[in-house]
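A.B. asks: Take this structure first; my questions come after.
A short reminder: the numbers here are calculations on the coordinates, not readings from a lab. Please read all numbers here as calculations on a predicted model, not as lab measurements. Methodologically, a virtual Cβ is constructed for each residue, glycine included, from the backbone with ideal geometry; neighbour enumeration extends over all protein chains shown.
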Amino acid sequence: MSRREFFGLLIGLLACIIGLFACVGTWLAVPQIQAFLGYRQINSSPQKTTPDCSVTTELGPWSTPRDVLIDATDGWVQADFWSPTQQFKEGYNEVSVIFEPGLKFTVTGVAGTAWKYDKSIWTAEGVQNCTTKHIEDTYKYLKNRYAQISVEELCNQTQCH
């Protein structure tokens, strides 16, 4: 093999390697380019994503203890309760409770505020994620300690009817 043939073979081999890298790079980059141009969503899935936690309707606040109607007939309600006369959970300033769709009753002698989550937009997991974020943010920024409790735990400490 002559020198000329050797260099021609070497250049051809290098061209093939560069071409292979170009093909792989293009194959990897096309989805990102399509997403950038708006033709495709990367890692899209058919599952619902959690909407922005502010997509709720505020109920209350109730600044003094009173009877509070919780109407979750058409969506979830997440409520924070406190009482100047009792501590719902030892070591915590307030409690947070999620009421599932279909519940409607009055909680006696509580102060607090609540948010309604429309069931056509929200899933139970999304409401739970926002409640967890709310509890964490309240401690982080206000140093208020919230505990999440069940509806049953709340009604064992107050009157629910």
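A.B. asks: Quick one: putting +1 on the C-beta of Lys and Arg, -1 on the C-beta of Asp and Glu, what dipole do you get for segment 57-157 around its Cα centre, in Debye to the nearest 20?
C.D. replies: So the magnitude is around 240 debye.
A.B. asks: A further question follows. With +1 on each Lys and Arg Cβ and -1 on each Asp and Glu Cβ, and nothing else charged, work out how big the dipole of segment 106-161 is about its Cα centre, in Debye to the nearest 20. Please list the in-between numbers first.
C.D. replies: Working: 6 positive and 6 negative charges, 44 e Å.
Roughly 200 debye for segment 106-161.
A.B. asks: Could you name the aspartates and glutamates whose alpha carbon sits less than 20 Å from that of Lys119, not counting residues in the same chain fewer than 8 places away?
C.D. replies: Within the straight-line limit of under 20 Å, Lys119 reaches these aspartates and glutamates: Asp52, Glu58, Asp71, Asp74, Asp80, Glu100.
A.B. asks: Compare the Cα positions of Tyr117, Gly91, Trp76 along the charge dipole of segment 61-161 (+1 at Cβ of Lys, Arg; -1 at Cβ of Asp, Glu; about the Cα centre) and return the one farthest towards the positive end.
C.D. replies: Gly91
A.B. asks: Compute the semi-axes of the equivalent ellipsoid of segment 41-161, taking the square root of 5 times each eigenvalue of the Cα gyration tensor, and list them largest first in whole Å. Before the final figure, lay out each step's value.
C.D. replies: Details: eigenvalues 136, 59, 26 Å².
Gyration-tensor ellipsoid for segment 41-161: 26, 17, 11 Å.
A.B. asks: Using a Förster distance of 22 Å, how high is the FRET efficiency between Cys155 and Thr85, based on the Cβ-Cβ distance and rounded to 0.05?
C.D. replies: 0.80
A.B. asks: Also, quick follow-up: What does the net charge come to around Asn144 if you take all other residues with beta carbon closer than 12 Å to its beta carbon, with K and R at +1 and D and E at -1? Intermediate results must be reported in sequence, preceding the final value.
C.D. replies: Working: positive: Lys140, Lys143, Arg145; negative: Asp80, Glu94, Glu136, Asp137.
Computed value for this residue: -1.
A.B. asks: Could you pull out every residue, at least 5 positions away or on a different chain, whose amide H is within less than 5 Å of the one on Leu59? Hs are placed 1.01 Å off N in the peptide plane, and Pro or chain starts have none.
C.D. replies: Long-range HN contacts for Leu59: Ala114, Trp115, Lys116.
A.B. asks: Now a separate question. Please compute the net charge surrounding Ala79, taking Lys and Arg as +1 and Asp and Glu as -1 over other residues with Cβ under 12 Å from its Cβ.
C.D. replies: Numbers: positive: Lys116; negative: Glu58, Asp71, Asp80, Glu94.
Here the charged neighbours net out to -3.
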